[in-house]
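*Asks:* Could you have a look at this structure, given as structure tokens, before my questions?
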Amino acid sequence: MNYNKKTVYDADVKGKKVLVRCDFNVPQDKKTGEITSDKRIVAALPTLKYLLEQGAAVIACSHLGKPVATFDGYVKKQVEKGRNEADITREEWEKSLKKLTLAPVARRLSELLGQEVIFAADTIGPDAQAKAAALQPGQIMLLENLRFDKGETKNSPDFAKALADMAEVFVSDAFGTVHRAHASTAGVAAFLPAYSGLLVQKELSIMGKALDNPVRPFVAVLGGAKVSDKINVINNLLEKADTIIIGGGMAYTFKKAQGFEVGQSLLEADRIDYAKDMIAKAEAKGVKFLLPVDNYCAAEFSADAEPVLVEGDIPAELMGMDIGPKTVEIFSAAVKGAGTIVWNGPMGVFEFDKFANGTKAMAKALAESGAVTIVGGGDSASAVEKLGFADKITHISTGGGASLEFLEGKELPGVACLLDA
Ligand code: AMP
């Protein structure tokens, strides 16, 4: 996969209409619809400001949540949830869409930019078309939620072309969706010259370098619930890393593969052979493969459970919930001399305070390592932020799924479609 892509800085945008795919998929209060964190809108500002300063007319677009674009689709989904088809009304569906309008994002973006953000009431409809046609250099508009049109997630060429027809240049700045081949993330690039925005550019340069040409030793720290979610990540990193550290729920399948008892811990029995193979492969390749040697366990999966420190075999009635102090010491030491560290997935059930210590200790070890540190999105990113180490990490990825697929070495459709540098 080529990560070396042309950026907005390479694009001639003066006086041109530029379609910018942003990630405005902001969290909202379920009842009031109020935006509870504007972090993603703030993160989009550098690219948008740059384009406006260059005299572009900016057409921003994004998805928000998971609206169901057709009434039939909505009915199907509700029936799958166990509801009676006769109870489901068109009105209710329309209400569900209204909740996911991007209008509040347009207002917040306008406050942050200090200029008007023209809001289009549709995506490629008459309102969007008219407003895009009238848009002047230095002005910015935002289209309505792209997923209100079923062509978006289906990557319909017609929908992509209609989006593209409003503009002359495409800028991709929503890293969180580059692993998806949707109309606004990949499809439009068939019709417009496509450049990376500054957010995507940063992700590609830091993560791309870490994977292709890391400062060594290169240490990968993997955790989280399931081995099965991270198989491709482990496969890919075994080819690149010097050390692989495994914590979290997924560690117990590996411990079982080593012949230890794991009690009630998370275990994927159908992955034990895979785990054995990986341990053997790491050994053959000279990759250090580190697993927990002690664990804080609990008798039940609960925030109030009393942590019990266990070394070696875990008794039948207990489950591993966090890595223990000896493990923290070993993992921290492995991280200490690293040149590059990539971290994806918590070391334990960090949502429960009593079992957050291992994750906290790893966050601290990364922060103090002096290495290039990259934290994948999702849970590990929120752990680092929650624990207050965010500003000591080189890069926290903005895309959970996208950064995982990046680590898998997969081709990302929203990146592959951009012009090569
Ligand atoms: P993932 O989405 O795969 O990164 O997994 C994150 C989830 O894994 C978090 O919600 C953690 O609570 C959970 N997790 C981490 N360690 C354990 C464990 N030992 N047992 C059960 N769940 C765990």
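Throughout, read-outs are computed from the coordinates displayed, never taken from laboratory work. Because the structure is a prediction, the values reported are computed rather than measured. In this analysis, Cβ positions are derived from the backbone assuming ideal geometry, glycine residues included, and neighbour counts consider all displayed protein chains.
*Asks:* Which distance in Å, rounded to a whole number, links the C-alpha centroids of the stretch 297-346 and the stretch 83-134?
*Replies:* 45 Å
*Asks:* How charged is the neighbourhood of Ala128? Take every other residue with its Cβ under 9 Å from the Cβ of Ala128, and add Lys/Arg as +1 and Asp/Glu as -1.
*Replies:* The answer is -2.
*Asks:* Given H placed on each backbone N at 1.01 Å, which residues far from Ala121 in sequence or on other chains put an amide H within less than 5 Å of it?
*Replies:* Ala128
*Asks:* Taking H as built 1.01 Å from N, whose amide H comes closer than 5 Å to the amide H of Ala56, not counting residues under 5 places away?
*Replies:* Residues meeting the criterion, in which the H sits 1.01 Å from N, are Gly15, Gly138.
*Asks:* How much net charge surrounds Asp229 when only other residues with a Cβ under 15 Å from its Cβ are counted (Lys, Arg +1; Asp, Glu -1)?
*Replies:* It works out to a net charge of -1.
*Asks:* If you don't mind, another one. Starting from the Cα gyration tensor of the stretch 29-128, take the square roots of the eigenvalues, sort them a ≥ b ≥ c, and report rounded, prolate or oblate (rounded when a/c is under 1.5, otherwise prolate if a/b is larger than b/c, else oblate).
*Replies:* It is prolate, given that a/c is not under 1.5 and a/b is the larger ratio.
*Asks:* Further question: Can you tell me the orientation of helix 71-80 relative to the chain, as the angle in degrees between its alpha-carbon axis and the longest Cα principal axis, to the nearest 10?
*Replies:* Helix 71-80 and the main axis of the chain meet at about 20 degrees.
*Asks:* Moving on to the next point. Going by amide H atoms built from the backbone, whose H comes under 5 Å of the H on Ile314, apart from near neighbours?
*Replies:* Here the answer is Glu261, Val262, Gly263, since their amide H atoms fall under 5 Å of that of Ile314.
*Asks:* Sticking with this one: Cβ under 12 Å from Asp158's Cβ, Asp158 left aside: what net charge do those residues give with Lys, Arg +1 and Asp, Glu -1?
*Replies:* So the environment of Asp158 carries a net charge of 0.
*Asks:* For Lys31 and Gln129 in the same chain, what is the full-extension length gain: residue separation times 0.36 nm, less their Cα-Cα distance, in nm?
*Replies:* That pair, Lys31 and Gln129, stretches by 32.1 nm at full extension.
*Asks:* Something else: Please list 3J(HN,Hα) in residue order for the stretch 193-204, calculated via the Karplus relation 6.51 cos²θ - 1.76 cosθ + 1.60 where θ = phi - 60°; whole Hz, with x for glycine and proline.
*Replies:* Once θ is set to phi - 60°, the couplings for the stretch 193-204 become x, 10, 10, 7, x, 5, 5, 5, 4, 5, 4, 5 Hz.
*Asks:* Something else now. In degrees between 0 and 90, to the nearest 10, how far off the longest principal axis of the chain does helix 325-336 point, with axes built from Cα atoms?
*Replies:* Tilt relative to the chain: about 60 degrees.
*Asks:* Using the Karplus equation 6.51 cos²θ - 1.76 cosθ + 1.60 (θ = phi - 60°), what ³J(HN,Hα) coupling, rounded to whole Hz, does each residue of the stretch 33-46 give in order, writing x for Gly and Pro?
*Replies:* Those phi angles translate into x, 5, 6, 8, 8, 9, 3, 5, 6, 4, 5, 7, 4, x Hz.
*Asks:* Something else about it: Above 28 Å lies some portion of the pair distances; for the chain, what is it as a whole percent of all C-alpha pairs?
*Replies:* 54 percent
*Asks:* Measure out, as a whole number of angstrom, how far apart the alpha-carbon centroids of the stretch 368-405 and the stretch 170-187 sit.
*Replies:* That distance is 21 Å.
*Asks:* May I pose another question? If each residue of separation counts as 0.36 nm, what is the full-extension length gain between Glu239 and Lys386 once their alpha-carbon separation is subtracted?
*Replies:* Roughly 49.7 nm would be gained on extension.
*Asks:* With a/c under 1.5 counting as rounded, go ahead and sort the stretch 214-407 into rounded, prolate or oblate using the C-alpha gyration tensor (a ≥ b ≥ c being the square roots of the eigenvalues; past the cut-off, prolate if a/b is larger than b/c, else oblate).
*Replies:* oblate
*Asks:* Which whole-Hz couplings ³J(HN,Hα) result when phi for each residue of the stretch 262-273 is put into the Karplus expression 6.51 cos²θ - 1.76 cosθ + 1.60, θ = phi - 60°, listed in order with x for Gly and Pro?
*Replies:* Once θ is set to phi - 60°, the couplings for the stretch 262-273 become 10, x, 8, 4, 3, 9, 10, 4, 7, 10, 5, 5 Hz.
*Asks:* Sum -39500 (n - 2.57) across every DSSP H segment of at least 4 residues in the chain, then divide by the residue count to get the 222 nm mean residue ellipticity, nearest 500.
*Replies:* -10500 deg cm²/dmol
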